Amino acid sequence: MQRDLHDLWGGAVLALLGLAVAVHSAVSYDFGTLRQMGPGFFPTLLGATLAVLGMIVAVPAWRRQGQAAPVALPEAAAVLGSIVLFGLTLDWLGLVAATALTAMIATLPSERRGWRWRVVLAGALALLVWLVFSVGLQMTIPVWPWSR
Amino acid sequence: MTVSPFRSLMAVALVALSAGAAAAQDWPTGPVRVVVGFPAGSSPDTLARLITQPLTQRLGQPVIVDNKPGAGGAIGVQQMLVAGNDHTFGVTINGPLTTSQRMVDDLGYDTATDIAPVALIATSPLVLGVGAGMEVDDLAGFVELAKSRPGDLTYGSVGQGSGAHLTAELFSGATGIEMLHIPFTSYAEVTTSILGGEIDAGFMAHSAALPHVEAGTMKVLGITSAEPSALAPDLPVMAGQAGLPADFRAELWNAFIAPAGTDPAIIERLNTEINAILADPAVTAQLLAMGWQAQPGTPAELADRIAADTELWGAVIDRIEAQE
Amino acid sequence: MSAAEGLIFGLGVALQPTIMLYCLIGVVLGTLIGVLPGIGAMAAISLLLPITYYIPPEAALVMLAGVYYGSQYGGAVASILLRLPGTPQSVVTALDGYPMTQQGRAGVALFASMVSSFAGSILGIVVLVLLASWLSAVATSFGAADYAAMMVLGLVAASTIGAAAPAKALAMVVLGLILGCVGTDVNSGVQRLNFGSTQLMDGINLVALAMGLFGVAEVIGGIRGAERHGVPERVSFAQMMPGRDDARRMVGPTLRGTGVGSFFGALPGTGSTISSFLSYALERRIARRPERFGKGAIEGVAGPEAANNAAAITAFVPTLTLGIPGDPIMALMLGALVIHGVQPGPMMIEARPEMFWGLVVSFGIGNLLLLILNLPLIGIWVSILRIPFRWLYPAIIVFVCLGVYSVRGSTFDILAVAVIGAAGYALILASFSPALLLLGFVLGPLIETNLRRALLISRGDPMVFLERPIAAFFVCASVALLLLSAAQSFRRRGRRAA
């Protein structure tokens, strides 16, 4: 039998997260009283609530059948990886190079093969981004590796 | 001919030295970046732009304001230190140089060792504002009222450890009164709350309070600077009144800073240019309209100011922490 | 000056060619900036601010205001077409706007959003002119207890937006509330749940959260199989006109949305994002068949769009009548005035009538320009869908990153988008509602700080929530709503059992 894995996992992760928040808040921040709430009051309470709600979601899912939606793993890796790369390289490679690099990584999972369209896309996008943000909006952002 | 290692070392050192001197002379060799730890359009940002615009002409290179807001201005200082290449500087309010060390868990810099003071730009006094309905007309009356109802009066600030909070605590400590602190996130909220009668008082920038005084919805009882403000000459100075010491003074300020290790010749040059800009009556008038009093001075004077305020506010923070 | 005299006087100011020109520039820029994901009015206005040094103060204010309310129009476009909200306040528009696109009704959805945006703005202007002084009195009389009680009502009312299982919906709201706790606690100054990072001291960036949960998660899910989708046909003007049935459905939500937006816009601290959520919640509550929501109900587009536009107009009430900015964008506007030596405050309407009335009339002109500009653009926007997704999504990624970066120039926030995007994708896979997470995130800090502030001021006396009439009203309404929901679900369960 295929269990309802989404609710099972989703509920369990949320429950654990809630528990972690509640414990961390209870230990690290002053709880205060109902009349004089401390900084720990809300996070502790909310964390505990989330833990309970997570259980309510997860437990019935154990006995229920469900269908697993396909996970787009390569797509997720490429998209998230390209964002991380953009964040890490923007400051020292500059806007143009970081954009082109990000576009190349992001298009990796595309079903269309070949590299020529990817290069054209990366170049066009770098130009567009430079025109919009650097020229148009005058954002203070390094454009080239040497322009900071 | 063989060259002794010592001589070659000397030669390298000489070249390096002269290169350094030349660098200071040719400086700036590229765009100058001024990191501001507050968003565009905020008061510190507007002030920074008043300085950087004429600075562009004077240095012959574009001077660009780069806004890196966050953590009460501390992120701006952090970001300035990351770059540190004789072309990156900062304009910051007093907090990140004096009190942030005490308020932020992991500040990542130490004012004493990582920051080179360049020039104090301007100071802004605060005023004590109360709702128009409060039946006091001067500071003495307010202190008397507060003493007759210990712990009963409330005052708003823009957060724990903000200038408004620390000033109020300095004031309460010096006059021996006890008020309840209600933290808010912005002066807009504090003002609304005073107008609505939810809280009793608050320290705020005088330029922000004066329009409400004019409209008759707020009273201001005194100003925290040593001299009366040119913006409101009638407003009484707090020092020496209602049991406050004669040297009572609490001001926000804005300063131009550099990363420690910046060539002293560059700092000297910047200081000269900034003081020249502050001598321009048009600039001082614009600063005054925003509530800022231009304060030309030397880097050493800024260093003294940082040291004095770190001590002053450090003592206030000690007192607050002891109460908790 | 009476309202009629003021408007005539304002016409004289706003119809000057230079002012008209800056108004046009403002609304065009605003629309484009709203369409671009991530980069919102806040970033655009702060980037434009230095330019306003060189133009007269009335023109500067008119232009910046145009950017602000223009961005509310543009924000809906990507929301409806790509489920990619241009701004946080248009997140709600995606809930029903995107399903409409999937049903091939993108043109109708865009038309509905433009028309209800226009109606909301114009009615918002009427409210601003007629009720400004009343609204500003309400704004100052709202205390911490009132805010806390009102936001609790909002949370209770909106907690079931587009949710199948109640436990999953509530879990998302609570997770949002927890994320709202991250950063410096206003009341104590303690830094919470930030893992010692200075970058998180001011909390999680709202734009990063909205873009990660919606934009990035949507892109990941959309890549595979995107090429196989049919290319939509070119839409004619007749096809994007709502039918008689659609038009009839739009009237009520637009009017109610305007009411919600006008009220929350005028209160300092709440604004267009909260207005749009609450308008959606209201429509879903009173709908005869709430199950239609989330599946392309035109009411779910019309109401929130009217609300966020009305809120963008009435947000100027406390700003102009009291000199008190209700949100950071309004603070920026006041900053622009101060640069020009105009001291904002309660006396400004009398001291500088050309400012106030000129601006009010320019709102009308600007919104008219926006309508004229945007209706023909609908065809062009819809044709975005004809671009192959493989060309589109790398651009979306880069624009999202730069939009988030533009908020405070922080590359940390770009990395945060990746983390939030991963979580958002997981949430979509497991069919949790990210909109509810965002709702909790927006309302949570308001509830917590105001609740604790109210108790601080009352010295710990909880009766403050029942003694103040406004707070008492909202507390009672929240309890009534909770009981009603409980009774409804009980009855439904009973029926199912029978």
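The values are calculated or read from the model by the stated rules, or taken from the named source; none is laboratory data. Note that the structure is a prediction, hence the values are computed from the model and not measured. FYI the Cβ positions are ideal-geometry reconstructions off the backbone, even for glycines, and counts take in every protein chain you see. These area figures cover heavy atoms from the full protein model, side chains too; ligands, DNA and RNA do not enter into them. Shrake-Rupley method; radii C 1.70, N 1.55, O 1.52, S 1.80 Å.
The three principal axes of the Cα atoms in the range B:65-199 give end-to-end lengths of 57, 28, 27 Å, sorted in falling order. For B:Ala122, the residues whose modelled amide H falls within less than 5 Å of its own, excluding neighbours fewer than 5 places apart on the same chain, are B:Asn254, B:Gln295. With the convex hull drawn over the C-alpha atoms of the range A:73-136, the volume per residue is 70 Å³. Looking at the protein assembly as shown, the DSSP beta bridges with both ends there are about 65 percent antiparallel.
Beyond 19 Å, what share of the Cα-Cα pairs of the range C:108-172 remains, rounded to the nearest whole percent? Considering the range C:108-172, 64 percent of its Cα-Cα pairs are separated by more than 19 Å. When the Gaussian network model of chain B links Cα atoms closer than 10 Å, the mean-square fluctuations of B:Ile223, B:Ile266, B:Ile257 top out at B:Ile266. Take the accessible area of A alone and of C alone, subtract that of the pair with a 1.4 Å probe, and the total buried over both chains is about 5300 Å². If you wrap the Cα atoms of chain B in a convex hull and average its projected area over all directions, you get 19.2 nm². Mean separation of Cα pairs under 8 Å and 6 or more residues apart, divided by the residue count, gives the range C:86-204 a relative contact order of 12 percent. Taking amide H positions as modeled 1.01 Å from N, with prolines and chain starts lacking one, the residues under 5 Å from B:Val237 and 5 or more places away or on another chain are B:Ile223.
At q = 0.14, 0.16, 0.17, 0.18 Å⁻¹, what is the log10 ratio I(q)/I(0) for the range C:403-465, with the Debye formula run over Cα points and no solvent? With no solvent term, the Cα-only Debye profile gives -0.66, -0.74, -0.77, -0.80. With 20 Å bins beginning at zero, the pair-distance distribution over Cα atoms of chain C amounts to 24, 58, 17, 0 %.
How big is the gap, in Å, between the Cα center of the range B:193-215 and the Cα center of the range C:169-210? Using only Cα atoms to place each centre, the spacing works out to 30 Å. Multiplying each eigenvalue of the alpha-carbon gyration tensor of the protein assembly as shown by 5 and taking the square root yields semi-axes of 43, 36, 30 Å, largest first, rounded to whole angstroms. The range C:114-132 and the range C:398-412 have Cα centres lying 32 Å from one another. When accessible surface is computed with a 1.4 Å probe, chains B and C are found to bury approximately 3400 Å² between them, both chains counted. Dividing the convex hull volume of the alpha-carbon atoms in the range B:125-249 by its residue count gives 89 Å³ per residue. Using a cutoff of 8 angstrom between alpha carbon atoms and counting only pairs six or more residues apart, the relative contact order for chain C works out to 28 percent. For the range C:279-408, a Kirkwood hydrodynamic radius built from all Cα pairs, placed in the Stokes-Einstein relation at 37 °C and 0.692 mPa s, yields a translational diffusion coefficient of 177 µm²/s. Annotation: amide H of B:Asp66 within the under-5 Å range of B:Val34, B:Val35, B:Val36, sequence separation 5 or more or interchain, hydrogens built in the peptide plane.
What the phi angles of the range B:210-219 give under the Karplus curve with 6.51, -1.76 and 1.60, with θ = phi - 60°, is a coupling list of 4, x, 6, 5, 4, 7, x, 9, 8, 10 Hz, glycine and proline written as x. Using the Karplus relation 6.51 cos²θ - 1.76 cosθ + 1.60 with θ = phi - 60°, the per-residue 3J(HN,Hα) values for the range A:64-73 come to 10, 8, x, 10, 7, 7, x, 8, 7, 5 Hz, with x marking Gly and Pro. From helices alone, chain A scores -22000 deg cm²/dmol at 222 nm; the rule is -39500 (n - 2.57) for each run of n ≥ 4 DSSP H residues, then divide by the residue total. In percent, rounded to a whole number, the relative contact order of the range B:125-249 is 35, using alpha-carbon pairs under 8 Å and six or more apart. Which of rounded, prolate or oblate describes chain A when judged by the alpha-carbon gyration tensor and an a/c cut-off of 1.5? Oblate, because a/c is 1.5 or more while a/b does not exceed b/c. In sequence order, the range A:43-57 has phi-based couplings of x, 5, 5, 5, x, 4, 4, 5, 4, 5, 4, x, 5, 4, 6 Hz under the Karplus curve 6.51 cos²θ - 1.76 cosθ + 1.60, θ = phi - 60°, and Gly or Pro positions carry x.
Here's the list of lysines a cross-link from C:Lys295 could span, going by alpha-carbon distance under 29 Å and ignoring same-chain residues fewer than 8 apart: C:Lys168. The label-point distance for C:Arg288 and B:Ile64, in a model that sets each label 7 Å from Cα toward Cβ, rounds to 6.0 nm. Contact residues in the range A:16-53 (at least 30 Å² less accessible area with all protein chains than alone, 1.4 Å probe): A:Val21, A:Tyr29, A:Arg35, A:Gln36, A:Met37, A:Pro39, A:Phe42, A:Pro43, A:Leu46, A:Leu50, A:Leu53.
Largest mean-square fluctuation among B:Val130, B:Val82, B:Val283, in a Gaussian network model of chain B whose springs join Cα atoms under 10 Å apart, belongs to B:Val82. Per the Debye formula on identical point scatterers at the alpha carbon atoms of the range A:5-61, with no solvent, log10 I(q)/I(0) at q = 0.28, 0.30 Å⁻¹ is -0.92, -0.99. Helical content of chain B, expressed as a calculated mean residue ellipticity at 222 nm, amounts to -14500 deg cm²/dmol (DSSP H runs of 4 or more residues, -39,500 (n - 2.57) each, divided by residue number, nearest 500). For chain C, excluding the exposed loop sites themselves (trypsin sites (Lys or Arg not before Pro), DSSP loop, at most 12 other Cβ atoms within 10 Å), the longest remaining stretch covers C:1-233. Please give the Cα centre distance for the range A:50-94 versus the range C:470-485, rounded to the nearest Å. Cα centroid to Cα centroid, the span is 37 Å. Rounded to the nearest 500, the helix-only mean residue ellipticity at 222 nm of chain C stands at -24000 deg cm²/dmol, with each DSSP H run of n ≥ 4 adding -39,500 (n - 2.57). Report in % the part of the accessible area of the protein assembly as shown that belongs to carbon and sulfur, leaving out ligands and nucleic acids; probe 1.4 Å. That fraction is 65 percent. In the context of the full set of protein chains, the range A:73-136 has a per residue accessible area of 46 Å² (1.4 Å probe).
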